[in-house]
Amino acid sequence: MKFSVQAIVKALVGLCVFISAVGYSFYSHADNGVDKRVYSINVHASNAADALNALAFQTGAVMLFPYREAKTRQANAVVGDYTIQEAITLMLKDSGLIGSLTSDGAIKIFYSGNQHLKKNDGGRVMNSKKNLLASTIAFFVGVGGAQGLAAEEVGVSNRSAIDEIIVTASKRETSLQDTAMSISALTGETIDKRGLVGMGDYLSSIPGVTVLDRGAGQNSIIIRGLSGDPQTESATAGSYFGETSVSELGGSSAYGGVGNADIKLVDIERIEVLRGPQGTLYGSGSIGGTVRIIPVAPSLEKIEGKVASRFSQTGEEGGDNTMLQGVLNVPLIEDTLAVRAVVYQFDNSGYVKNVAVSQPVAGLAATESFGGIVQDRDDVGNDTYTGIRLSALWRPIDALGITLSYLQQKIEQDGAPEVELALAGAYDQRRFNTGVAGSHDEFLNNEIDITNLVIEYDLGWATVTNSLSVLNYDSEGEQDLTHLYTTFSPFFPGDLADKPYYSQRHTYSDNTTNELRLASQLEGPIQISAGLYYEHIDRGEQETVLWSGSPELQADMLQNPSATSYDTTIKQKAVFGEISYDITEQLKATVGGRYFDYTKDRT
């Protein structure tokens with residue numbers, strides 16, 4: 001069964017309306033269903049659709065309204081302190097529209113004088129929660145934050161049910177509405193319309209999810225407050241690109257830490273965020289939840305492609321940003337073999353300013369006397385993401401599908417986007433140069449390569465899937481230590497303070513994973529999922545403290561270079577299974593378990 005992108009977006013937003021309405025009702029309408037709080041509102045005169053969206057954004061209210069009709073009606077400006085009901089009354093005066101509170105706590109906008117539910121041709125009353133949302137037009141600002149939603153009221157003669165969005169969070173294709181998990185989903189169209197490109201763009205807008213972003217490829221995901229130590233190799237939220245785990249790859253700064261591969265969102269079908277706790281169907285540190293990025297699969301039916309570019313500017317200390325991307329899909333043998341290629345490059349300006357000369361750190365003169373190099377500069381932390389993705393789908397028979405894909409992404413970051421809160425400027429830092437005799441600046445480079453082979457066979461009553469992934473990750477960087485040794489001198493030996501040192505770090509990870517699973521698609525109330533999982537990871541990390549001052553003084557100042565080296569091997573074998581039973585259409589019972597043998601050796 002196939003669904004259009006428009007239909008998928010309608011269903012997603014429709015579900016978000018219902019869920020958000022319930023949540024909004026819980027915390028905002030305790031007093032007989034009426035929110036009497038006063039808000040500071042500033043909405044300009046415009047068409048009613050835009051005005052209602054602006055009001056929803058400023059108040060956090062959930063609104064349902066006939067989008068096309070509202071687009072043609074004029075709304076009045078509302079500026080001042082009002083309750084939501086007062087603001088809507090003033091805004092919609094003389095527009096032919098009025099608003100009222102639904103039992104779910106959402107605000108529904110009606111045609112004036114026509115508040116009764118419409119009837120279809122058969123005389124049956126329309127379901128207000130279902131048919132109002134049946135033709136939702138995709139506009140929503142943030143998932144779980146302030147939301148404005150536009151809906152079109154249609155009769156059953158046009159559409160009688162909410163179109164579905166299909167997710168694979170349960171290791172089988174199911175409707176988002178019918179999946180008994182706490183899931184947030186973003187479609188590819190939503191990603192494009194909102195201009196989402198990285199983890200920080202979308203995860204921070206999803207309820208219960210937090211991202212600790214410390215630079216390119218250095219981030220930790222926290223779901224529902226469940227977090228491991230972000231400074232160690234321990235994660236509680238998994239991250240997947242397609243069928244491949246891209247979490248716990250190793251940090252790339254002198255501070256250590258575990259990073260997730262922040263693969264740019266180009267040609268993505270959807271994003272699924274599963275909020276835990278869970279530990280049955282997913283491994284790789286997923287007990288707190290899982291983030292799954294699903295790329296668009298090759299199409300066997302038609303040639304298609306796109307070329308896109310974007311230009312923007314970062315405020316304050318930032319500058320120009322550019323993006324280029326291209327997608328091409330070609331069926332080599334109709335209905336049998338197709339290839340899809342994706343290329344992209346993102347150039348992002350830095351927003352941090354180094355003020356080490358104009359606002360000198362304590363001990364600057366002493367450090368310079370040893371040959372330390374310091375200079376003011378802008379655009380610190382600028383980075384470039386370059387990526388390519390190739391995939392091929394071969395379907396020799398209807399029941400068998402074989403997909404081979406390859407992804408490579410390189411990140412080059414100039415400088416560390418870290419600021420000193422003690423400085424007057426909001427985006428200032430004070431750092432010395434790194435390298436021999438201060439020959440260059442702090443930097444971070446990393447590269448990830450993923451090869452994935454997926455074989456699926458449809459047995460009729462179940463689908464058998466085997467996914468084999470090989471991932472190679474390599475990262476290197478340099479970071480100034482002078483500011484640490486000077487600022488935190490009580491914690492370091494006295495002979496390190498006010499002397500130019502820097503750290504040089506190299507991290508790599510070679511991961512091989514294989515998962516064999518069976519997911520039933522039975523007609524009755526019982527469904528079964530079961531599988532085997534294997535993982536082997538070889539990870540290494542080397543860090544050395546080096547002299548960045550005058551070469552003539554290096555032998556005297558760094559008699560015993562500080563160097564650390566770690567090699568880690570992780571092996572995991574797991575068996576998992578899950579049985580679900582639909583007791584009623586609204587109630588499902590699920591029992592599952594996961595047995596795993598996990599070993600980690602570090603030398």
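The values are calculated or read from the model by the stated rules, or taken from the named source; none is laboratory data. Being a predicted model, the structure only gives us computed values, none of them experimental. Counting neighbours? That spans all protein chains shown, and the Cβs are built from the backbone with ideal geometry, glycine included. Note: areas computed on protein heavy atoms with side chains; ligands, DNA, RNA excluded. Shrake-Rupley method; radii C 1.70, N 1.55, O 1.52, S 1.80 Å.
Within the P(r) computed for the stretch 286-329, what percentage of the Cα pairs occupies the region above 18 Å? It works out to 60 percent of all Cα pairs. In this label model, Ala365 and Thr564 are separated by 3.5 nm, measuring between points 7 Å along each Cα→Cβ vector. The convex hull drawn around the Cα atoms of the stretch 283-418, when projected onto a plane and averaged over every direction, covers 13.8 nm². Legend: calculated FRET efficiency, Thr336 to Val464, from the Cβ-Cβ distance at R0 = 35 Å, rounded to 0.05, equals 0.95. Shown are Lys93, Lys108, Lys71, whose ranking by accessible area with a 1.4 Å probe and every protein chain present, most to least, is Lys93, Lys71, Lys108. With N the number of residues in the stretch 338-459, Rg(Cα) / (2.2 N^0.38 Å) evaluates to 1.70.
Over all projection directions, the Cα-based convex hull of the stretch 305-373 averages an area of 8.6 nm². Scattering from the stretch 355-415 was approximated by placing one identical point on each alpha carbon and applying the Debye formula without solvent; log10 I(q)/I(0) at 0.21, 0.24 1/Å stands at -0.89, -0.99. Annotation: extensible slack from Thr72 through Thr544 equals 163.4 nm (criterion: 0.36 nm per residue apart, minus Cα-Cα distance). With only the Cα atoms considered, the stretch 407-455 has a convex hull volume of 108 Å³ per residue. With Rh defined as the Kirkwood radius, the inverse of the mean 1/r over Cα pairs, the Rg/Rh of the stretch 541-603 is 1.54.
In plain terms, the chain from Asp376 to Ser299 could stretch by 22.6 nm, reckoned as 0.36 nm per residue minus the Cα-Cα distance. Protein-only accessible surface at a 1.4 angstrom probe places the residues Trp461, Trp547 in the order Trp461, Trp547, largest first. Working from label points 7 Å from Cα in the Cα-to-Cβ sense, the Glu86 to Tyr598 distance is 5.5 nm.
For the stretch 350-421, the set of GluC sites (Glu not before Pro) satisfying both a DSSP loop assignment and a count of at most 16 other C-beta atoms within 10 Å is empty. Heavy-atom accessible surface of Asp480, to the nearest 10 Å², is about 0 Å², with a 1.4 Å probe and all protein chains retained.
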